[in-house]
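Step one of this worksheet: look at the structure below.
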Amino acid sequence: SVFGTQHTDECFFQCFLSLSESSDLLSSMSIFQVEQFKQDPSPSTCLHSVFNVDTGDEVYSNSEYHHLQIDAVSLFLLYLVEMICSGLQIIYNTDEVAFIQNLVFCVERAYRVPDFGMWERGSKYNNGSTELHSSSVGLAKAALEAINGFNLFGNQGCSWSVIFVDLDAHNRNRQTLCSLLPRESRSHNTDAALLPTISYPAFAVDDDALYSQTLDKIVRKLRGKYGFKRFFRDGYRTANEDKNRRYYKPAEMKLFDGIECEFPIFFIYMMIDGVFRGNQAQVKEYQDLLQPIVFQSFEGHAVIPKYYYVPADFVEAEQNKHGSQKRFPSNSGRDGLVFLWGQALYTIAKLLVDELISPRDIDPIHRYVPRQDQRNVSMRYSNQVSPHSLFSEFSKLQVFLNTYGIQTQTPQQVEPIQIWPQKELVKAYRFLAVNKKLGLSGRPERPVGCIGTCKIYRILGKTVVCYPIVFDLSDFYLSQDVMLLIDDIKNALQFIKQCWKMQGRPLFLVLIREDNINRPSSLQTPTLISGAFVEQLDFLRVNEAEIPEFKSFEELELPKHSKVKRQTSTPNASDLEQQPEITVEEWQDKPTHEILQKFHDCDCLASQAQLACILLRREGADFLSKDGIYFSQEFELFCRKNVKKSSCVFLPNRSVVRLAASLLTKLVDSLAPSITSILVHGKQVTLGIFGHEEEVISNPLSPGVIQGIIYSKCCPLGGEREAVLQQELVIHIGWIISNDPQKFSGMLKIRVGWFVQAMKHELKIRAGDMPPQDIYQLSPSDIKQLLLDVLQPQHTGRSWLNRRQIDGSLNRTPLGFYDRVWQILERTPYGIVVAATHLPQQPTLSDMTMYEMNFSLLVEDTLKNLVLPEYRQIIVELLMVVSVVLERNPELEFSDKVDLDVLVKEAFSDFQKDRSRFCEAKKQDDMETFYNTPPLGTRGTSSYLAKAVMIQLLQGDVKPCKDDPCAVS
């Protein structure tokens, strides 16, 4: 570097100052977009990422440009904190504070917002579709960590210039990032965009092993002589890219294979990373790689080319032998334009390497330090007190507390402390960053998670504690299952143990309701305040006149002679015997007024539900009953009355309760987050009845959209209970996959209707010769345990038919299955056919790569029309056999379409002949015996499948191979 340190500081100061001035222009243009995006985060309502640098005006409309880039907004927030922390004053008034706080609201839910990513193209196929990107989620995580509790006025600020972050949302971003990595997205197996996420400036990965795994994959797959490729088959600025088209055509991706542009900027990122981590060998390695590809401008300054490309004349040779041809630099620096991103990073890298600045100078908040060693840079106005108080023994919640005489306190006994439900806290947070002048509405009505409810709050002079959302009253029946509640408590405690990072201790308030034991009460709180983290919501004082009345939790008054009745998850036998007094067939065609009269005269819940089903199907939810109210409302009131009378929703008949909940189109809480949890673990979700059309969910959806899917795909006439059962399963699957993802190994598509079928198979296997249990009659906690049992690897003691039924229903595949299908496709010019679905060789191999998730999903989509689980599993076994045969016989390939159904049919035919010859069994069309045969061993299914495969292979041409021992001349 030729700059002195004083001159360097002045240059940085001027650059930052100009950036801060432009931020005010951005805020004035973006307010409407912020409001839209908070409510509907989509490409058509998103924040713009490109503005005129002089005027702040928008440059492109949403239809002209892919503005939805969470990473861009996150980077803005991250650097805002870095700059203010370095001593610069950027934010001057409360209007700007409100705007920044609203930007935080937009970023908090990055974990469920598919965007276009750093390269503004979304999917690798450049077809206008969005994806969930690790780089975007990681930058959002880093920004939220940096700005949480930060005072935008710096050391001169007070409480109303502090930024609040939803720590539960932040932790969902953290979990999502860890689940996605080392992938970038569904179509990007890896991507150079991850470098600024896992390294400077975000340093978003806390796990050193995950950082190393991600970095190693990037370097191994993308590094070249002239820089890093952005990702595989990136057509940007290649000779084969059509500059006149915005999007690519199908099968066009193959044109870019091996000629992707290489970007020197990522060598610079690796140099900076080496400096931060004290890895001098890495710094030297990338300095040496960078030096030959940097050229000098006419003024003698070093210029970083934006990229190096393969000229059109060299494309064919380069694709035949990767790395064989010389690449040429872009025109950056020669046409009067400079690649500012690369040039800025080069300057930073040179200053760091020459030790003219230190890492602390460009990262004053110490993002690069491991989290456990980070110094506290928060300027939050909240009080933190000494953590020395009693911490409750939560393990005792696993049993019914009243049985053991554990002393509790009522709300009156803890006064003046108020106990609030989390929904009241949501109401308070609604006033955060409200700004009428700018038209900003403040925090959207999002639930406060268990991290947020573990704080003590000072609100308008009151001391408030909140009980977690798991104790909220819900009109969905899951909340009535005590054993499920205990599980939820244990899960919440485990989550808090892993994620709580604040100085004070978390306060987890346990609420025991009348429905559970006797009366609402909380664990003892004599030293409630002394060790907890205290959060002051001083922003409420600004709008004190408009604040609604907050309702604290109050103790219920019970009759003097009321007795405590211990609740269990197991109903009495007499309760389960309640059967409807009527039949649907009998009443289906009767007039509406007769059915309505019978509904009111009948006192049997099962009969009421059947009659309600007929009425709601016929007249709809807006049908008016004789009392002038909507019948759906009357039916719901009746159900609540019965629930209260029996003191437990599941005592009358669980199946009937599920039917009632479905008829009332109930939706369980946390359904959308559970689906998101499944998606970020690299799975797809399908909702629908087994054997019928399913709806595939690939991206996070809102609760309303999910409700529409469930009640359109999972609620057939006579099968209404399935709609709520599948909701239960989604909740359980979301929890299991977050805590034990290995249980879903080999399952790429979570087909919830098929999971129900697997559980029914399990119940049938357990019953033996007896009638199986009705799955709709099981309690929610029993459903969860049954699901866990089904997900366990099948025991060897079971028949092969049962094992194939379970594995087929779960869509479980062996290790390396999708890679082997790719290898089969390479040797099958006319593709694969199964159940009348064709998987073509082209454009599949041209558009995709072996290891990307989209190919695996395409294979699953090809198998979706197989309706018999055990047959599906035979098809999976057949594909593994085909792969092994081709691997061992490289001279063979298929000369026609590979029809898997025909191969199975031929294998079964041979199997029957052998059974007739060796076992003297009669020929049968039923394949059950075939399904019940082990794959390996004498006359195993694999031997018959392999024979059928070889016969078809030998009908085609045999390719000559070198040193063929059968060749005569």
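The values are calculated or read from the model by the stated rules, or taken from the named source; none is laboratory data. The structure displayed is predicted, hence computed values, not measured ones. Cβ atoms come from the backbone with ideal geometry, glycine included; neighbour counts cover every protein chain shown. For accessibility, only protein heavy atoms count, side chains too; no ligands or nucleic acids. Shrake-Rupley method; radii C 1.70, N 1.55, O 1.52, S 1.80 Å.
Figures for the structure shown
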item	result
Condition check for ARG917: of a type in the set (Lys, Arg), in contact with a helix residue (DSSP H, G or I) (Cβ under 8 Å, 6 or more places away or on another chain), at pLDDT below 90 and over 16 Å from GLY808 (Cα atoms)	no
Sole residue being open to solvent by less than 30 Å² (accessible area, probe 1.4 Å) and in contact with a strand residue (DSSP E or B) (Cβ under 9 Å, 6 or more places away or on another chain), chosen from TYR429, TYR457	TYR457
Candidates LEU825, LEU786 - the one that is open to solvent by less than 10 Å² (accessible area, probe 1.4 Å) and without any contact (Cβ under 8 Å) to a residue 24 or more places away in the chain	LEU825
Complete set of residues in the stretch 163-172 that are touching an Asp or Glu at 6+ places or on another chain (Cβ under 8 Å) and of a type outside the set (Gly, Ala, Ser)	VAL165, ASP166, HIS170
Of all residues making up the stretch 46-64, the number that are surrounded by fewer than 17 Cβ atoms within 10 Å (Cβ to Cβ) and under 20 Å from SER136 (Cα atoms)	2
GLY336, sole failed condition from (1) within 38 Å of the chain's Cα centre (by Cα); (2) modelled with pLDDT under 95	(1)
Any hit, the stretch 168-176, residues being assigned to a loop (DSSP other than H, G, I, E, B) and either open to solvent by 10 Å² or more (accessible area, probe 1.4 Å) or β-branched (Val, Ile, Thr) (or both)	no
Meets criteria (without any contact (Cβ under 8 Å) to a residue 40 or more places away in the chain, of a type in the set (A, V, I, L, M, F, W, C) and touching a helix residue (DSSP H, G or I) at 6+ places or on another chain (Cβ under 8 Å)) for LEU810	no
Any chance LEU144 is outside any helix (DSSP H, G or I) and of a type outside the set (Val, Ile, Thr)	no
Selection status of LEU748, under 25 Å from PRO814 (Cβ atoms), open to solvent by less than 10 Å² (accessible area, probe 1.4 Å) and in contact with a Leu (Cβ under 9 Å, 6 or more places away or on another chain)	no
Matching entry among TYR477, TYR457 (being at pLDDT 85 or above and of a type outside the set (A, V, I, L, M))	TYR457
Number of positions in the stretch 188-216 that are part of a loop (DSSP other than H, G, I, E, B) and free of Cβ contacts under 8 Å to residues at least 40 places away in the same chain	1
From the options PHE539, PHE508, PHE599, residue that is out of contact with any strand residue (DSSP E or B) (no Cβ under 9 Å at 6 or more places or on another chain), open to solvent by less than 40 Å² (accessible area, probe 1.4 Å) and at pLDDT 65 or above	PHE599
Test result for LEU68, touching a strand residue (DSSP E or B) at 6+ places or on another chain (Cβ under 9 Å) and in a loop (DSSP other than H, G, I, E, B)	yes
Sole exception among (1) more than 22 Å from PHE105 (Cβ to Cβ); (2) at pLDDT 55 or above; (3) not hydroxyl-bearing (Ser, Thr, Tyr) for PHE16, by number	(2)
Failed item in (1) touching a His at 6+ places or on another chain (Cβ under 9 Å); (2) farther than 22 Å from ARG446 by Cα, with PRO114 passing the rest	(2)
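Per-residue answers, yes or no, for (1) surrounded by 17 or more Cβ atoms within 10 Å (Cβ to Cβ); (2) touching a Cys at 6+ places or on another chain (Cβ under 9 Å); (3) of a type in the set (A, V, I, L, M); (4) under 30 Å from GLU252 (Cβ atoms):
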position	(1), (2), (3), (4)
GLY831	yes, no, no, yes
GLU852	yes, no, no, yes
ASP861	no, no, no, yes
GLN873	yes, no, no, no
VAL876	yes, no, yes, no
ARG888	no, no, no, no
GLU891	no, yes, no, no
ASP901	no, no, no, no
